[in-house]
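A.B. asks: Pasting a structure here, questions to come.
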Amino acid sequence: MTVANSASVTPPTHRTMDEVLVRLLGNTLRSPRRFCRSVSRWFSGAYEWESRAACDVARWLAPTDQAVLSGICGTGHRTQDRLIAWLATQAPPTGCLVDIGHQGTHTAAWLAMGALQHATPPTVVSIGPEIHRVWHLFEQQARTAHLHKIPDSSSSDLYAPAMATYANVSSGPNPIPVDSILGRLRQVDLTPAAAASTWRDPISLLSINMLWQAEEVSAVFRQMIPHVAPGGWIVATGVQGHQAVSRQQLAHDEIAAHADCAHAVSIRSLLIFRKRAN
């Protein structure tokens, strides 16, 4: 969602009784599946991860400013965006944070927000075709974000009450530190496979967009995971849609080839793995 989109006003719609009944029936039929998914997430520890990330990020990024940044960029879900920023703060200090293959979603912006809170702020590397154009657009939108009305979606945020308790910062006149984000950023204008084939630097967190062709994604896993530092994170994003199962299997198969890496948790469309610390 762009700032322009977030600023538009949708006219009210009037549903017929048939439409209401169809929607109600659909929600009723989906309830068992949603319940099972919620139970599964509870026992997997997903809620604990989400809650901790929400509370920690709220200490240094006001919930209203989170809404502004999500209105411009991210994974499409604020819970995931916060988690990515939080993982950046937990990354080992021995490498850079790499976001590869995200054209226009700016997951790297959330990594940079987390990097700014790191004890030794690392460089964030954003890799993708025409990435300079993508970041130019981000800069334009971010510098004027405070001029636009961002809808308050806190009522749909499961962790809004907890964040209100822990938040100890207030929204500023310009909520996004554009210069600080760009100051931590290194842009690489290459396809994921091309960048992976020549990569040599140590990595503390590797975020891989799974929406590319399977061969390209596999090449990134094979060639970049050896550069992930002990204790570093590997995050597969975009594991959703009608190809979700095949994308999940691809990520797990590639991780299985590295005995020192293990699955940590699955949260919404994110698969999170970690390399074993020495």
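A.B. asks: List the helices (runs of 4 or more DSSP H) that sit entirely inside the stretch 178-278 and contain at least 1 residues that are farther than 27 Å from residue 53 by Cα and among the polar types (S, T, N, Q).
C.D. replies: Numbers: elements: 178-183, 192-197, 214-224, 244-256.
By residue number, 192-197, 214-224, 244-256.
A.B. asks: Is there a residue in the stretch 200-207 that is within 26 Å of residue 72 (Cα to Cα), buried (at least 16 other Cβ atoms within 10 Å of the Cβ), modelled with pLDDT under 95 and not hydrophobic (A, V, I, L, M, F, W, C)?
C.D. replies: There is no residue in the stretch 200-207 that is within 26 Å of residue 72 (Cα to Cα), buried (at least 16 other Cβ atoms within 10 Å of the Cβ), modelled with pLDDT under 95 and not hydrophobic (A, V, I, L, M, F, W, C).
A.B. asks: Any chance the stretch 134-142 includes a residue that's assigned to a loop (DSSP other than H, G, I, E, B) and surrounded by fewer than 17 Cβ atoms within 10 Å (Cβ to Cβ)?
C.D. replies: no
A.B. asks: Identify, from the list 62, 46, the residue that is modelled with pLDDT under 90 and touching a strand residue (DSSP E or B) at 6+ places or on another chain (Cβ under 6 Å). Quick ask: steps written out before the conclusion?
C.D. replies: Numbers: 62 fails: touching a strand residue (DSSP E or B) at 6+ places or on another chain (Cβ under 6 Å).
Among 62, 46, only 46 is modelled with pLDDT under 90 and touching a strand residue (DSSP E or B) at 6+ places or on another chain (Cβ under 6 Å).
A.B. asks: Follow-up. Here are some residues: 64, 89, 94. Which one is over 21 Å from residue 238 (Cα atoms), free of Cβ contacts under 8 Å to residues at least 60 places away in the same chain and either among the polar types (S, T, N, Q) or part of a loop (DSSP other than H, G, I, E, B) (or both)?
C.D. replies: Going through 64, 89, 94 in turn, the sole match is 89.
A.B. asks: Does residue 79 fit the bill of being under 10 Å from the mean Cα position of the chain (by Cα) and closer than 17 Å to residue 178 by Cβ?
C.D. replies: no
A.B. asks: On to the next question. Out of 230, 192, 177, which single residue is more than 28 Å from residue 136 (Cβ to Cβ) and either surrounded by fewer than 20 Cβ atoms within 10 Å (Cβ to Cβ) or under 19 Å from the mean Cα position of the chain (by Cα) (or both)?
C.D. replies: Working: 192 fails: more than 28 Å from residue 136 (Cβ to Cβ); 177 fails: more than 28 Å from residue 136 (Cβ to Cβ).
Checking each option against the conditions leaves just 230.
A.B. asks: Among the residues in the stretch 85-98, are any small (Gly, Ala, Ser), surrounded by fewer than 22 Cβ atoms within 10 Å (Cβ to Cβ) and under 17 Å from the mean Cα position of the chain (by Cα)?
C.D. replies: No, there is no match, as no residue in the stretch 85-98 is small (Gly, Ala, Ser), surrounded by fewer than 22 Cβ atoms within 10 Å (Cβ to Cβ) and under 17 Å from the mean Cα position of the chain (by Cα).
The values are calculated or read from the model by the stated rules, or taken from the named source; none is laboratory data. Since this is a predicted model, take the numbers as computed values, not measurements. Every residue, glycine among them, receives a Cβ derived from its backbone with ideal geometry; neighbour counts consider all protein chains shown.
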